[in-house]
Structures are given as structure tokens and as C-alpha cells.
Amino acid sequence: MVGFSLMAIFLLPFQNVNGNGHERRSLTDSMVYEVSVQVSATAGDNTPLWLNANKHGLSSLENGNGYVRASLSRPLSVDSERRCGVGYGVDLVGAVNYNSAFIVQQAYVEGRWLHGVLTAGSKQWAAELKNNELSSGAQTLGINARPVPQLRLALPEYWSVPFTNGWLSLKGHIAYGMTTDGNWQEDFTSRRSKYTTNTFYHSKAGYIKIGKNESHVSMELGLEMAAQFGGTSYIVGSDGTIVQVDNSNDFNSFVNAFVPGGADAVETTYQNSEGNQLGSWLARLNFEYPSWSLGLYADHFFEDHSQMFLLDYDGYGSGHEWNVRKDKRYLLYSLKDMMLGVELNLKHCSWTDALVVEYLYSKYQSGPIYHDHNSNIPDHIGGVDNYYNHYIFSGWQHWGQVMGNPLYLSPAYNSDGAIEVKNNRMWALHMGLSGSPVPGLCYRFLATYQKGFGTYSSPYLDPRESVSLLLEAGYSFAENHTLHGWNIKAGLGADIGSLRGDNYGLQLTIARNGVLNFSRKK
């Protein structure tokens, strides 16, 4: 699926494109600027979940935090009528009580030829097939952590496959980059628990849409995969000291990240794919009508092939043939771990224009037994997938925030300096509601109930529960107002329960944005 989506970039000359490609436009045309100030005040141990999560990592759990932010960008859409386009952006933050006092949130340059886009740098990417404002978040390629600098080749919008009469469309991307939180990991752990520096990052995704744009019913299917590999890992040895592990950084490691293979540096007899490999199968069924639309979607997360294909080979021999494939026998796993969601949009109802309801379950993880077969026990069972964690790498996180769904408890919550997700077995119910009752005024309401069970290796003695709430309202001044371009947003958040503690908070954001044009007028 990913390969077909990216190959489509090279077939784009067959696609009709508006514009003659000869219009010249200054690279300083239509630049968008925004300056903002945000302050958060909290009563409790942490900033409430929905005042902290799904903000691309620009958030803090500390009581009393804030930032000043300034960004300047030129969107690719400025060149939408041309065959090629150029975009760029820089987004800088000065913060108080964050894990960094100065943050380069975004810094990128990108080029488009027809519909294919090449981006270099750090940029915030939206989650696919979900409402980014109301959903609890994607399980693999989410919006919860700080962006990873990367080189990314993408077909970002659906492209109609030739000769399918518009019934089949593709999009996707391939990216390689490097995480930037190595120094933070060393400070956070105080070199007393596992961490990794200079970790390479890889992601790829492919999506297929079946149905024309004007169809009332369409279906989207997707596969998202990611990997962490390379760099230097520091793990706790048998004597309690930190042992340095030099992971492979050669060309084969980049290949093994794209097509899972190879083995980790510390593996000998029992070998799994190199690096931390994970991903999601996605599906969404859309119903589109003039006054309403409805989306039904699913997100199935996997850490390895046991949940990716729900199948494991179990036909090894015995004795001296214990590691020889002898029989056509397989172990079938259950399809239990899943996010299921529904999104309803009411196009003519301003008071309530969107409603999202989600159910997330992650307790199974291929079962509680992990066993690599040996000469005495030929059966092979692969469970205890331990979502978002890894025995060598620091897991699916960046700067302390999980890079997927924030209902998995991010390492930033850990008071012992351990970079691990201590609650990945759970179930949760989530609801999001939004509307715009009067021009310029909008709101959203989030409510989540979560029951956590810890991990298989470190279960909670008693399940921990949490209710997380957010009520947020924003106002943008109209064009004919003297304060046009100014926006103000206020949010009230709360966590209630033993999972995240009892936290209450207020967050206020004031922003000014607009468009700059420096080109000379004739």
C-alpha cells in the first residue's frame, strides 16, 4: 500500500493540473505570521490531561507554565495554481517551566512538483482519518509529541489513480529523521535507567480511498508504520550499572527500518526485527450528505507481527531440530486491541457542529505469555507486546510525551526518572463536542473515562481510574473590527481519579495573526 502510494508521485504527469506553470510569484508573497502568549495555572500534581495533550509536544505538566511564541510561514497553497511550489516556516518558542527554555517547534522548507511534496526539517503533521480537535488521538502517528526533524517524501492529498474513473485514490509518505531529546533523556534519567541518544526515526504510511469525491458513501483504508533505530542506547546491566550499546547505523539499518528485518545489537540466538517497530491498521467508512456527514473508523495498533497479522508460526521441530521449521502450523491471535470511533458532523447546526465518540481497548497485547521456543519446549508463543515500550530503545516517545495516543501514560508523568509507559493496558471511553453558536465564537468539550491496569510486567495492584475534562472557548474578532487578527482562547481542564491524580487547571492564550506581502506592486 505504501509503495503504491509513493509510486503514484512518479505517475503524476497523467493527472490534470490547473495553471500553465509560467506565472512568477515572489517567495515573500503571502507569508503568514502569528505571535501568541499562553499561560497555564494548575492546582494539583500535573497540568490536566486535555490542557497538556495533543499539542504537538508544546505543553508542560508543571504547575504554572507558559510561553511566548512567534511563527512565520509561507504555505504551499500560495502556489496552488502552479505546477510547482515552495513553502517554508519557522516557529520559535520561549517557555517557562517547560523541559526547554527555548524551543524550535518548527523549522522547515518544502517543495512541490504537481502533487508530490518533499519536506526537510521539523514540521507539525496532522493525524490522518480522525478529527484532530475532538479525537483522543491516533495510536501510531499522533499529534501529542514534539515534531521530529526529518526528510519526508509525500503524496499528501488523495490522487486519483488513472483509468479508475475517480473511484480509487491514493496518498502516503516515507520519512527518515532523528530525534532531538537525547540530552533531555540523560538529564531525566540521571543515568540511572535506560535511555537512548541520537536515535534515528522512520515513518511510512499509505492510504487508499474507494469512492468518488461526489459519492455519498466512501471507504478509506490505511497502514501506518514507524520505527526507532540506530543511535546509542544506555541500558541497566545485571550489576545495576549503565551499559553502553552501540546500535547499528549503517545502510542496512535504514533498509531494515523500511522493511522490518535484521536484529538488535544485543541479540544472539533469539532475533527479532532491528529497532523498535510499530504501526496501525486504519479504516474509515464515510457517509456524506448536504446537511450532515458521518464517519465510522477503527485504529488497530501493533508492536510486531503477532498483532499486525494476528498470526505466528508455531511449527518448529524438537530436539536438535528445535529451530527448524518442520510443519505448517500457526498460532492465531485474537483481534481485541482496537480504537473504534464515530464522528458526526451537522453542517447547518452552529450550536453543535461536530460530535466524536471513541472506545479504546489495549489490554490484550497478544496475551500474557511471552516465550521463544527452545530445545526443550518447541511451541512458540509471542505475547506481552508491551505497547510503546522497548527493551533497548526509550520507546515510542519524544521529549517525554508519547508519539501516539496520550491515553497511554507518557513518561513525563514518571517521578522516578524512568523513560517508559507505565500504563499501556487499559480501556477508555472518550467524547468530543464542538460548535460555533455565534460568529467568531467557537468551543469544544472533551470528556474521557479511563481505567488503567499498568503493564503485564508491572501491573497495578488495583486498577486506576481517571475522568479527564476540558471546556474550551475561543473568540476571533471580525474583519470590520479594529481588533481584527486578534484571537483569545480560554480553557478549563480537570483530572479526577487515581491514574493521573486530581488536577484542575486554567489555560489562557492570546494570539495575533495575519498575512505579510513584500512583493512590489505594478
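Per-structure values
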{"item": "Filtered residue count, the stretch 348-362, keeping only those that are in a loop (DSSP other than H, G, I, E, B) and either touching a strand residue (DSSP E or B) at 6+ places or on another chain (Cβ under 6 Å) or β-branched (Val, Ile, Thr) (or both)", "result": "5"}
{"item": "Some residue of the stretch 101-117 being over 22 Å from residue 132 (Cβ atoms), crowded, with 16+ Cβ neighbours inside 10 Å and out of contact with any strand residue (DSSP E or B) (no Cβ under 7 Å at 6 or more places or on another chain)", "result": "yes"}
{"item": "Lone unmet requirement of (1) assigned to a loop (DSSP other than H, G, I, E, B); (2) out of contact with any Gly (no Cβ under 7 Å at 6 or more places or on another chain); (3) surrounded by 15 or more Cβ atoms within 10 Å (Cβ to Cβ) for residue 391", "result": "(3)"}
{"item": "Scope the stretch 120-161; condition more than 21 Å from residue 345 (Cα to Cα), among the hydrophobic types (A, V, I, L, M, F, W, C), open to solvent by 20 Å² or more (accessible area, probe 1.4 Å) and part of a loop (DSSP other than H, G, I, E, B); matching residues", "result": "125, 141, 161"}
{"item": "Odd one out for residue 482 among (1) at pLDDT below 95; (2) open to solvent by less than 70 Å² (accessible area, probe 1.4 Å); (3) hydroxyl-bearing (Ser, Thr, Tyr)", "result": "(2)"}
{"item": "Evaluation of residue 308 against (1) farther than 20 Å from residue 227 by Cα; (2) free of Cβ contacts under 8 Å to residues at least 40 places away in the same chain; (3) crowded, with 16+ Cβ neighbours inside 10 Å (one fails), failing number", "result": "(1)"}
{"item": "Some residue of the stretch 176-183 being crowded, with 23+ Cβ neighbours inside 10 Å and part of a loop (DSSP other than H, G, I, E, B)", "result": "yes"}
{"item": "Set 320, 390, 348: member being in contact (Cβ under 8 Å) with a residue 24 or more places away in the chain, out of contact with any His (no Cβ under 6 Å at 6 or more places or on another chain) and under 30 Å from residue 246 (Cβ atoms)", "result": "390"}
{"item": "Which listed residue is out of contact with any helix residue (DSSP H, G or I) (no Cβ under 8 Å at 6 or more places or on another chain), crowded, with 20+ Cβ neighbours inside 10 Å and either of a type in the set (Asp, Glu) or at pLDDT below 95 (or both), from 272, 323, 256", "result": "256"}
{"item": "Any chance residue 228 is surrounded by 22 or more Cβ atoms within 10 Å (Cβ to Cβ) and not in a strand (DSSP E or B)", "result": "no"}
{"item": "Residue 339 at pLDDT below 95, crowded, with 17+ Cβ neighbours inside 10 Å and either among the aliphatic types (A, V, I, L, M) or under 23 Å from the mean Cα position of the chain (by Cα) (or both)", "result": "no"}
{"item": "Of residues in the stretch 234-253 being of a type in the set (Asp, Glu) and closer than 19 Å to residue 194 by Cα, the one surrounded by the fewest Cβ atoms within 10 Å (Cβ to Cβ)", "result": "239"}
{"item": "Residue among 462, 495 that alone is over 30 Å from residue 29 (Cβ atoms), open to solvent by 60 Å² or more (accessible area, probe 1.4 Å) and of a type in the set (Asp, Glu)", "result": "462"}
{"item": "Condition met for residue 206 (in contact with a strand residue (DSSP E or B) (Cβ under 6 Å, 6 or more places away or on another chain) and open to solvent by less than 40 Å² (accessible area, probe 1.4 Å))", "result": "yes"}
{"item": "Per-region count, the stretch 186-199, residues in contact with a helix residue (DSSP H, G or I) (Cβ under 9 Å, 6 or more places away or on another chain) and open to solvent by less than 40 Å² (accessible area, probe 1.4 Å)", "result": "4"}
{"item": "Residues being farther than 17 Å from residue 155 by Cα and in a strand (DSSP E or B) - total across the stretch 81-107", "result": "15"}
{"item": "Residue identified as open to solvent by less than 30 Å² (accessible area, probe 1.4 Å), touching a Phe, Trp or Tyr at 6+ places or on another chain (Cβ under 9 Å) and either within 22 Å of residue 491 (Cα to Cα) or of a type in the set (Val, Ile, Thr) (or both) among 397, 450", "result": "450"}
{"item": "Looking only at the stretch 465-479, and only at residues there that are in a loop (DSSP other than H, G, I, E, B) and of a type outside the set (D, E, K, R), the one that is surrounded by the fewest Cβ atoms within 10 Å (Cβ to Cβ)", "result": "478"}
{"item": "Residue that is nearest to the chain's Cα centre (by Cα), among those in the stretch 498-522 that are buried (at least 17 other Cβ atoms within 10 Å of the Cβ) and of a type in the set (A, V, I, L, M, F, W, C)", "result": "499"}
{"item": "Tally of residues being in contact (Cβ under 8 Å) with a residue 60 or more places away in the chain and not in a helix (DSSP H, G or I) across the stretch 241-257", "result": "2"}
{"item": "Subset of the stretch 400-410 (residues that are farther than 16 Å from residue 278 by Cβ and touching a Phe, Trp or Tyr at 6+ places or on another chain (Cβ under 8 Å))", "result": "400"}
{"item": "Selected residue [free of Cβ contacts under 8 Å to residues at least 60 places away in the same chain and in contact with a helix residue (DSSP H, G or I) (Cβ under 6 Å, 6 or more places away or on another chain)] from 85, 89, 94", "result": "85"}
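Results for (1) over 24 Å from the mean Cα position of the chain (by Cα); (2) not in a strand (DSSP E or B), shown as yes or no for each residue.
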residue	(1), (2)
412	no, yes
420	no, yes
436	yes, no
444	no, no
450	no, no
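The values are calculated or read from the model by the stated rules, or taken from the named source; none is laboratory data. Not measured: the values here are computed from a predicted model. Every residue, glycine as well, gets a Cβ built from its backbone with ideal geometry; the counts of neighbours run over all protein chains shown. All accessible areas refer to the heavy atoms of the entire protein, side chains included, with ligands and DNA or RNA removed. Shrake-Rupley method; radii C 1.70, N 1.55, O 1.52, S 1.80 Å.
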